[in-house]
1. Can you compute the charge dipole magnitude of the stretch 163-204 about its Cα centre, using +1 on each Lys and Arg Cβ and -1 on each Asp and Glu Cβ, nothing else charged? Give it in debye, rounded to the nearest 20.
2. What is the spread of the Cα atoms of the stretch 70-201 along each of their three principal axes, largest first, in whole Å?
3. Gain in length, E89 to E139, computed as 0.36 nm per residue apart minus the alpha-carbon separation, to one decimal in nm?
4. Take peptides 172-183, 78-89 and line them up by average Cβ neighbours within 10 Å, highest first, as a rough protection proxy.
5. Quick one: what does P(r) look like for the stretch 44-89 with 5 Å bins over all Cα pairs, in whole %?
6. Most exposed first by the Cβ proxy, i.e. fewest other Cβ within 10 Å, how do R92, R135, R114 rank?
7. Got a sec? How would V70, V55 order by Cβ neighbour count within 10 Å, fewest to most?
8. For A111 and A205, what does the FRET efficiency come to when R0 = 22 Å and r is the distance between their Cβ atoms, rounded to the nearest 0.05?
Amino acid sequence: MAAQQGPPRAGRRISRRDFLKLMAAAGTVLTFTPFIDWGKFLPNPSGNISERSKVELPDGSQANVKTFQVNHSEAVVYPKSDDPVLNKEAFRIWQFIRLPEELGGTNTDAAAFRMFSMVCLHLWCLWKYWPEPGRKRGECPCHGSMYDPLTGKAFAGPASLQSPPSNVLPRLDLEVDNNGDIWVKPPNWSVDGNGIVGFGRFLKA
Ligand code: FES
């Protein structure tokens, strides 16, 4: 997914300022953990991942359209590091969802799946997908933000009141090969691309 070209938009400048405010708020937490090199944990927005990566499930297998259940989700790590400590960091945790049938989950291509950052856009708790009838949405346990599993857009709770792009979860693009195995395409870590973890993404029309 290519970043949009052209002159900076007002929204982008505002977003950057909002991001700095967010980081300032987070500084309260960071103050109590002075010996951690936080920069190592964050996916680098300017970093370049040029290869596709498999969607690796918690049991170590690669997600496959023939076996992954409809209306089901798993927490997966991306980008995966050789360091198991880094792989537990929240900014690398994504919710891999096969949509419910009524949202296209029985398709056998990438359209049946979503992969959103699990870091809630409000204050960075981890949300998850709830497949039960009457829910079928992402919910954050901290302050009740809810996310649309189709788009990643917050539709209830405090995250839904935040200005774009901080009301839409970062989303990774997926592809399915001839064996049905599912892959993550190389991301574009920007608000106009796949988004910035903990900050958000502009939703394309
Ligand atoms: S951190 Fe998720 S709703 Fe507040």
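Values quoted throughout were computed directly from the atomic coordinates according to the rules given, and no laboratory measurement underlies them. No experiment lies behind these values; they were computed from the predicted model shown. Note that each Cβ is placed from the backbone with ideal geometry, even for glycine, and that neighbours are counted across all protein chains shown.
1. Its charge dipole is roughly 240 debye.
2. Sorted largest first, the three principal extents are 41, 38, 28 Å.
3. Extra length available between E89 and E139 comes to 16.0 nm.
4. In descending order of packing, they fall as 172-183, 78-89.
5. All Cα pairs, binned at 5 Å, distribute as 5, 16, 24, 24, 15, 11, 4 percent.
6. By the 10 Å Cβ count, ascending, the order reads R135, R92, R114.
7. Ranking V70, V55 by Cβ neighbours within 10 Å, fewest first, gives V70, V55.
8. Details: r = 17 Å, r/R0 = 0.79.
Calculated value: 0.80.
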